[in-house]
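Notes for the one structure printed next.
We did not get these values from a lab; they are worked out from the coordinates using the rules stated. Please read these numbers as outputs of a predicted model, since none were measured by experiment. Methodologically, a virtual Cβ is constructed for each residue, glycine included, from the backbone with ideal geometry; neighbour enumeration extends over all protein chains shown.
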Amino acid sequence: MASPLVNAVTFLKEFGLFDVVLPFLLVFAIIFALLEKTRILGVEKTKDAEHPKQNLNATVAFVIALLVVSTNRVVTALSDALPNVVLLFVVVLVFLMMVGTFYKEGEFDFIKGHDRWAAFLVVVSFIVIILIFANSLKTESGASWLDAGLGWFLGNISGPVVTTSIFVILAVLGVWIIAFRKPGEKKAS
């Protein structure tokens, strides 16, 4: 016999909370926050200050959120990807807690003390999030974008497009390392 809590979650699932309501609220909140932060749709000027146009931002966010939940593939991709993104967030949080455990007394500021490691962590997290979403988006054949991309890459590894792309990435990485080296660092011999 199922517990009342299991029955309640099953009811909410059948009601569409996880397939419609929560994705709608998530997309609405993210789009509204981005529009408020960027002020891309303009500002209202008052005597004291400029404020974003909240009515316009809310309307655009509402429409975009409705369009997202009306597309089953996007909602499925969000439902597949978000648990993995949350897992990544938990892993990063546990890592920072471990580092903070061995840190000296006082407030722990990882970015201030370890700016390069923080940048590395952000880049790796960003790449992992892209891979998570690429794995959750499906092609018409049912394969994920990640599987299709890896299949294409491995099938064309010796071709000119892939080798040229690898060369360009390595060249850009080399120029970036040279150009953004801090003045006090020694040059590699």
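Counting just the residues of the range 96-142 that are of a type in the set (Gly, Ala, Ser) and under 28 Å from Pro83 (Cβ atoms), which one comes out nearest to the chain's Cα centre (by Cα)?
Filtering the range 96-142 for residues that are of a type in the set (Gly, Ala, Ser) and under 28 Å from Pro83 (Cβ atoms), the one nearest to the chain's Cα centre (by Cα) comes out as Ser125.
How do the helices (runs of 4 or more DSSP H) wholly within the range 73-189 filter down when requiring 1 or more residues that are charged (D, E, K, R) and either exposed (fewer than 10 other Cβ atoms within 10 Å of the Cβ) or at negative phi (or both): which remain?
Values: elements: 110-113, 115-136, 145-155, 160-179.
Counting at least 1 such residues, we get 110-113, 115-136, 145-155.
Look at the range 27-55 and say how many of its residues are among the aliphatic types (A, V, I, L, M) and buried (at least 16 other Cβ atoms within 10 Å of the Cβ).
3
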